Amino acid sequence: MKTLLVIHDLNRDIDALEPFAKLAEDTNAHLNVVVVGMVRAVPVTAAPGVPAYYYDESNSKLVEAGRERVSEIEEYLQTKELSASTSLECRDPVVIQETILGHAMFADATVFANQSILDNELNTRVFNGSLLNSGRPALIMGAGTKTVPPINKVMFAWNGAPEAAKAMHHSLPWLQEAAEANIVVVDPDEYRTGPNPGDDVATFLARRNLKVTVDRLPSGQRDVSEVLLEHANDINADLLVMGAYGRSRFREWLLGGTTRDVLGKSNVPVLMAH
């Protein structure tokens with residue numbers, strides 16, 4: 001890892017950057033912090049009775065607060081033993097995804113705090129912008145104050161989809177110290193993944209000197225996310241690797257799905273790719 005991207009919400013304290021700074025120090029990576037605020041380019045006709053200057057004034061205050069936060073973060077990062085950069089993006093919600101995409105394309109991964117992505121509209125848009133169309137993965141760190149623990153055992157959620165394969169390939173730089181890989185296939189579909197689902201992935205990973213096991217698990221009519229997270233805890237996985245948005249992005253994001261459930265419930269660090 002050479003570059004890690006972190007998106008810092010103006011509404012969060014600077015202390016929230018501590019786990020990301022530690023991860024950058026531990027991996028000897030450059031930390032690129034982008035401070036993000038949402039300004040509203042709302043036509044006066046959309047809010048009858050509210051004068052136009054109100055939007056200009058409130059947006060100006062937000063931009064000024066963003067500049068102050070950038071200065072504070074720069075001072076904070078100077079106390080750390082790492083390479084870092086900080087910038088400010090105050091954008092209308094409509095363009096935040098495209099804005100973050102522009103940053104994510106030049107990072108090895110965008111890093112998020114555990115279970116933070118579904119907190120609010122901004123975090124959701126930032127996650128989508130960093131993952132969709134960027135060609136880069138997202139790393140969601142572990143629970144509590146953890147960053148990413150030493151990675152000894154990695155669990156791969158495999159369903160034969162291109163997204164899962166991309167996640168696997170993106171995870172390889174994180175596996176240099178890993179010893180074990182667990183391939184998990186829930187409700188194996190031989191039509192999609194072949195007669196021995198998971199064996200092809202196991203063969204690929206075994207060539208990297210990993211001890212590989214394949215588990216084919218029935219869902220028992222439970223959600224796939226529940227089966228995956230339960231198994232990750234059962235085997236004490238240090239990292240869960242999986243593809244994101246296996247179906248229609250729009251439909252899955254609104255109606256739920258494995259991606260959303262894992263983002264909201266996993267205490268294990270997760271690496272996702274699309």
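The values are calculated or read from the model by the stated rules, or taken from the named source; none is laboratory data. All values reported here derive from a predicted model rather than from experimental measurement. We place every Cβ from the backbone using ideal geometry, glycine too, and count neighbours over all the protein chains shown. Calculation scope for accessible area: heavy atoms of the full protein, side chains included, ligands and nucleic acids excluded. Shrake-Rupley method; radii C 1.70, N 1.55, O 1.52, S 1.80 Å.
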In segment 118-141, which residues are in a loop (DSSP other than H, G, I, E, B), under 14 Å from VAL6 (Cβ atoms) and open to solvent by 10 Å² or more (accessible area, probe 1.4 Å)? ARG136
Can you find even one residue in segment 223-230 that is at pLDDT 95 or above, out of contact with any helix residue (DSSP H, G or I) (no Cβ under 8 Å at 6 or more places or on another chain) and open to solvent by less than 30 Å² (accessible area, probe 1.4 Å)? yes
Based on this model, can you work out whether SER71 counts as among the small types (Gly, Ala, Ser), farther than 21 Å from PHE127 by Cα, outside any loop (DSSP other than H, G, I, E, B) and modelled with pLDDT of 95 or more? yes
With the condition being touching a residue at least 40 places away in the same chain (Cβ under 8 Å), I'd like the helices (runs of 4 or more DSSP H) fully within segment 174-241 carrying at least 3 qualifying residues. 224-234
Neighbours by Cβ (under 8 Å, 6+ apart or cross-chain): first from segment 73-84, of a type in the set (Val, Ile, Thr); second surrounded by 15 or more Cβ atoms within 10 Å (Cβ to Cβ): ILE73/HIS8; ILE73/LEU17; ILE73/VAL33; ILE73/VAL35; ILE73/THR86
Looking at segment 142-171 only, could you name the residues that are more than 18 Å from SER266 (Cα to Cα) and open to solvent by less than 10 Å² (accessible area, probe 1.4 Å)? ALA161
Yes or no: segment 103-114 includes at least one residue that is part of a strand (DSSP E or B), at pLDDT 95 or above and open to solvent by 30 Å² or more (accessible area, probe 1.4 Å). no
Among all residue pairs at least 6 apart or on different chains, which show Cβ distances below 7 Å where the first residue, located in segment 96-125, is under 19 Å from LEU229 (Cβ atoms) and the second is surrounded by fewer than 22 Cβ atoms within 10 Å (Cβ to Cβ) and small (Gly, Ala, Ser)? ALA113/ALA16; ASN114/GLY142; ASN114/ALA143; GLN115/GLY264; LEU118/GLY264
Check ASN209, ASN233 and return the single one that is closer than 21 Å to ALA179 by Cα and at pLDDT below 95. ASN209
